[in-house]
Amino acid sequence: QVQLVESGGGLVQAGGSVNLSCAASGRTVSSYALGWFRQAPGKEREFVARIRWSGGSTYYTGSVKGRFTISRDDAKNTVYLQMNNLKPEDTAVYYCAASQTSVAVTTTVEYWGQGTQVTVSS
């Protein structure tokens, strides 16, 4: 069992920055890849970024490359999503996700956080 708790959402103006955190707990958390998804009103949940505990390789969806950075703090079992140069279209509920297989698609995500709202005003 893995528990995921997000924090750090809020309201920001376009061009601003937000840093999201996801605290992971559980006996085998180090065997999971962690990632972020987002879901805007009326849209499907979409993949944003992921990082593997082993090796720390990262992967981003195209629309956030160069603006978002996913990182981790092993000592705190926490994953971060630094979001810069935010745009109104980044407005969504952001979810932390964990999977032992692929954390890049919703169908293989095994655990979800509760979500945190990010709203970008124009």
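Restricted to region 33-43, and to residues there that are outside any strand (DSSP E or B) and open to solvent by 50 Å² or more (accessible area, probe 1.4 Å), the residue that is nearest to Ala98 (Cα to Cα) is Lys43.
The set of residues from region 76-87 being open to solvent by 10 Å² or more (accessible area, probe 1.4 Å) and either touching a Ser or Thr at 6+ places or on another chain (Cβ under 7 Å) or among the charged types (D, E, K, R) (or both) comprises Lys76, Asn77, Thr78, Tyr80, Gln82, Asn84, Lys87.
Considering Val12, Val2, the condition of being touching a Phe, Trp or Tyr at 6+ places or on another chain (Cβ under 9 Å), aliphatic (A, V, I, L, M) and either surrounded by 14 or more Cβ atoms within 10 Å (Cβ to Cβ) or touching a residue at least 40 places away in the same chain (Cβ under 8 Å) (or both) is satisfied by Val2 alone.
Residues in region 51-75 that are of a type in the set (Lys, Arg), open to solvent by 30 Å² or more (accessible area, probe 1.4 Å) and modelled with pLDDT of 95 or more: Lys65 only. Residue under question is Ala49, and the condition is that it be in contact with a helix residue (DSSP H, G or I) (Cβ under 7 Å, 6 or more places away or on another chain), of a type in the set (A, V, I, L, M) and touching a residue at least 12 places away in the same chain (Cβ under 8 Å); does it hold? Yes: the conditions hold for Ala49.
Just to check your reading of the model, which residue among Ser30, Ser21 is out of contact with any strand residue (DSSP E or B) (no Cβ under 7 Å at 6 or more places or on another chain) and outside any loop (DSSP other than H, G, I, E, B)?
Values: Ser21 fails: out of contact with any strand residue (DSSP E or B) (no Cβ under 7 Å at 6 or more places or on another chain).
After ruling out the rest, the residue left standing is Ser30.
For region 88-122: of the residues being in a strand (DSSP E or B) and open to solvent by 40 Å² or more (accessible area, probe 1.4 Å), which is farthest from Ser31 (Cα to Cα)?
Step one: list which residues in region 88-122 are in a strand (DSSP E or B), which gives 92-99, 111-112, 116-121.
Next cut, open to solvent by 40 Å² or more (accessible area, probe 1.4 Å) only: 111-112, 117, 119, 121.
Numbers: Tyr111: 13, Trp112: 16, Gln117: 28, Thr119: 32, Ser121: 38 Å.
Residue satisfying both the conditions and the ranking: Ser121.
The values are calculated or read from the model by the stated rules, or taken from the named source; none is laboratory data. Since this is a predicted model, take the numbers as computed values, not measurements. In this analysis, Cβ positions are derived from the backbone assuming ideal geometry, glycine residues included, and neighbour counts consider all displayed protein chains. With ligands, DNA and RNA removed, areas are computed over all heavy atoms of the protein, side chains included. Shrake-Rupley method; radii C 1.70, N 1.55, O 1.52, S 1.80 Å.
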